[in-house]
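J.: My questions all concern the structure below.
Please treat every number below as a calculation from the coordinates, not as lab data. Predicted, not measured: the structure shown is a model, and the values here were computed from it. Methodologically, a virtual Cβ is constructed for each residue, glycine included, from the backbone with ideal geometry; neighbour enumeration extends over all protein chains shown.
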Amino acid sequence: MLTAFKNFVSQQDLFDPGDRILLAVSGGLDSMVMTAVFQEAGYSIAVAHCNFQLRGEESDGDEAFIKQYCARFKIDFYSRRFSTKNYAEETRLSVQMAARELRYNWFDELMEEKKFHWLATAHHLDDNIETVLLRWIKGANLDQLTGIPVRNGKIIRPLLFATRQEILDFAKAEKLMWREDASNATSDYQRNFVRHQVVPRLKELNPSLAQTFGNSLEKIKGAHELMKRGLGQLKDTITKNEGQQFMVDKTLLLLLEHPVFVCYEWLRPFGFEWDRCDQLISALDGAPGKKFLSNTHEAVIDREYIIVSPRQEWAHEILIEDGQAKAVLGPWVLTLKTAPGNKIEASEDHGTFDAELVKYPLVWRKWRNGDSFCPLGLAHRKKLSDFLIDEKVPLNKKQTVTVIESGGEIVWVVGLRIDDRFKVTSQTTAVVHMHQASILK
């Protein structure tokens with residue numbers, strides 16, 4: 001395992017020998033093996049552990065176990081406890097997604113503060129299988145079927161070469177200790193269902209599933225790279241840009257064997273999903289003039305071209321007065337309701353705020369460079385531009401991001417995150433509910 005680990009690090013050029021690496025360690029089998037091989041290889045490491053407080057004494061036991069391990073081997077240890085369930089309710093995220101967001105936000109802060117070069121996670125080859133299967137089941141794009149990347153920004157996955165069985169064999173041979181998470185043995189979560197119900201049946205058909213799957217991923221990565229190059233060359237041939245307009249030659253597009261796929265690859269940066277592209281291609285033989293809309297762009301079928309251009313500009317700012325129940329800004333409608341108590345509505349595009357802290361008139365406007373707020377869960381300001389980058393909001397969708405202001409302070413980055421200073425607490429006696437919906441047909 002140690003030799004394979006060193007070879008993988010070298011082959012993938014994951015980091016330089018003198019780099020400082022922060023290990024994300026849960027205390028489970030995978031992360032403890034990752035810690036052990038980093039130790040044996042002599043790299044400069046520290047350990048970060050998140051206590052999500054979801055399993056009571058077990059969560060506290062994990063934290064104590066890792067703290068004791070790090071003290072024994074004189075490894076710098078950092079930990080943080082999170083009120084994960086409360087955060088999930090406040091942000092309308094699943095518990096798993098809330099934990100992920102809390103974890104990586106803290107890791108980013110810790111890496112910047114302590115000057116680490118890389119964050120290492122213990123994903124392995126079996127995790128890659130489960131991830132690709134889940135994405136495939138949900139209709140993923142081809143680029144998502146290339147699996148978990150070995151490197152993503154400052155995140156590295158140095159165990160992606162190893163199977164779960166190889167990791168277990170190494171741990172037993174080295175007499176390593178680790179903690180078991182009882183939830184991993186259930187099929188309550190989608191990934192666990194794939195892990196315990198689907199993959200074992202596939203291994204009945206192919207006992208070497210992990211190795212052959214890994215080889216298949218390399219083939220998909222190669223095919224994906226060639227596809228991107230081919231689409232780029234094809235794009236130069238049958239498309240052109242005129243100002244803000246992106247134009248696709250209808251006749252040449254229809255000569256292709258898979259025009260819907262090509263159309264989707266080119267138009268999804270403008271917000272067009274697969275179904276919309278399928279409808280568009282089906283309409284190419286009809287009369288010109290048919291229009292298809294995304295949140296940010298419109299695609300018009302002209303005589304010779306599909307013409308994609310930004311949607312018509314709409315008002316940048318409106319006022320919302322006390323007692324006003326509805327407001328419209330461009331393609332969006334916002335409904336407002338005040339209610340007693342401190343119940344938080346957990347639905348899509350919904351924000352709930354402490355009514356005592358909300359001051360009218362509210363300003364509903366497009367976001368601007370220079371905007372900042374305190375994202376829920378953080379006690380300090382963050383530039384909205386940085387927040388949108390961290391949230392991986394696509395460039396085309398950034399154009400339609402709006403904010404609600406109260407007394408000159410951002411209350412809500414609409415549909416994305418409320419400001420921590422306006423959140424509902426146990427002392428809240430009345431709340432303001434806001435809900436955004438699209439009015440596009």
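J.: Considering Cα pairs under 8 angstrom that are at least six residues apart, work out the relative contact order of region 2-205 and quote it in whole percent.
T.: Dividing the mean separation by the residue count of region 2-205 yields 24 percent.
J.: If you don't mind, there's one more thing I want to ask. Give me the Debye-computed log₁₀ of I(q)/I(0) at q = 0.17 Å⁻¹ for region 287-441, equal point scatterers on Cα only, no solvent, two decimals.
T.: Summing over Cα pairs of region 287-441 leads to -0.99.
J.: Which of the chymotrypsin sites (Phe, Trp or Tyr not before Pro) found in region 1-100 are loop residues per DSSP with 11 or fewer other Cβ atoms within 10 Å of their Cβ? If you can, show how the numbers build up before the last one.
T.: Values: sites: Phe5, Phe8, Phe15, Phe38, Tyr43, Phe52, Phe65, Tyr69, Phe73, Phe77, Tyr78, Phe82, Tyr87; in loops: Phe15, Tyr43, Phe52, Phe82.
Within region 1-100, no chymotrypsin sites (Phe, Trp or Tyr not before Pro) qualify (loop, at most 11 other Cβ atoms within 10 Å).
J.: Hey, another quick one. Considering only the other residues whose Cβ falls under 14 Å of the Cβ of Asp126, what net charge follows from Lys and Arg at +1 and Asp and Glu at -1?
T.: That works out to 0.
J.: Can you tell me what share of the DSSP beta bridges in the chain is antiparallel? A percent to the nearest 5 is fine.
T.: 75
J.: Here's another thing I want to ask about it. Using 7 Å Cα-to-Cβ label points, what is the Arg20/Ala4 separation (nm, one decimal)?
T.: 3.2
J.: Shifting gears a bit: Under the Kirkwood approximation for Rh and a Cα-based Rg, what ratio Rg/Rh is obtained for region 98-171? Walk me through the intermediate numbers first.
T.: Values: Rg = 14.3 Å, Rh = 13.9 Å.
On the Cα set of region 98-171, Rg over Rh gives 1.03.
J.: 222 nm [θ] for the chain, helices only, -39500 (n - 2.57) per DSSP H run of 4+, per residue, to 500?
T.: Calculated at 222 nm, the ellipticity per residue is -11500 deg cm²/dmol.
J.: Hey, another quick one. What lysines does Lys115 reach when the alpha-carbon gap must be under 18 Å and sequence neighbours fewer than 8 apart in one chain are set aside?
T.: Output for Lys115: Lys154.
J.: Okay, next question. Length gain on complete extension for the stretch Lys114 to Trp274, per 0.36 nm per residue less the alpha carbon to alpha carbon distance?
T.: Gain in length upon complete extension: 53.3 nm.
J.: Additional query: When a footprinting reagent is the concern and you count Cβ atoms within 10 Å, what order do Ser406, Ser44, Ser426 take, fewest first? Please report the intermediate quantities before stating the final value.
T.: On the way: Ser406 21, Ser44 14, Ser426 5.
Going from sparsest to densest Cβ surroundings: Ser426, Ser44, Ser406.
J.: Now a separate question. Scattering from the C-alpha atoms of region 222-310 alone, worked out with Debye: what is log10 I(q)/I(0) at q = 0.11, 0.15, 0.26 1/Å?
T.: -0.27, -0.51, -1.56
J.: From the mean inverse distance of alpha carbon pairs (Kirkwood) and the Cα radius of gyration, derive Rg over Rh for the chain.
T.: Ratio of gyration radius to Kirkwood radius for the chain: 1.00.
J.: Pop a pseudo-label 7 angstrom from the Cα along the beta-carbon direction at both Lys85 and Met177 and give the gap in nm to one decimal.
T.: Between Lys85 and Met177, the simple spin-label model gives 2.9 nm.
J.: How would you rank Lys383, Lys74, going from fewest to most other Cβ atoms within 10 Å of each one's own Cβ?
T.: Lys74, Lys383
J.: Still on this structure, I have one more. Taking H placed 1.01 Å from N in the peptide plane, check which residues at least 5 places from Trp412 or on another chain put their amide H under 5 Å from its amide H.
T.: Residues meeting the criterion, in which the H sits 1.01 Å from N, are Ile404, Asp419.
J.: Right, something else. Between Arg135 and Asn105, with labels modelled 7 Å along Cα→Cβ, what's the label distance in nm to one decimal, could you check?
T.: 2.6
J.: Could you give the length gained by full extension between Leu256 and Asp285, i.e. 0.36 nm per residue of separation minus their alpha carbon distance, to one decimal place? Spell out each step's value before the answer.
T.: Numbers: separation 29, 0.36 × 29 = 10.44 nm, distance 1.47 nm.
Taking 0.36 nm per residue and subtracting the Cα distance, the gain is 9.0 nm.
J.: Please go through the residue pairs Lys290/Lys366; Lys290/Lys392; Lys343/Lys423 and name each one whose alpha carbons sit more than 23 Å apart in this structure.
T.: Values: Lys290/Lys366 29 Å; Lys290/Lys392 32 Å; Lys343/Lys423 11 Å.
Lys290/Lys366; Lys290/Lys392, as the Cα separations exceed 23 Å there.
J.: So, how do all the Cα-to-Cα distances of region 2-205 break down into 5 Å bins, in percent, from 0 on up?
T.: Values per bin, smallest distances first: 1, 7, 14, 19, 21, 19, 13, 6, 2, 0.
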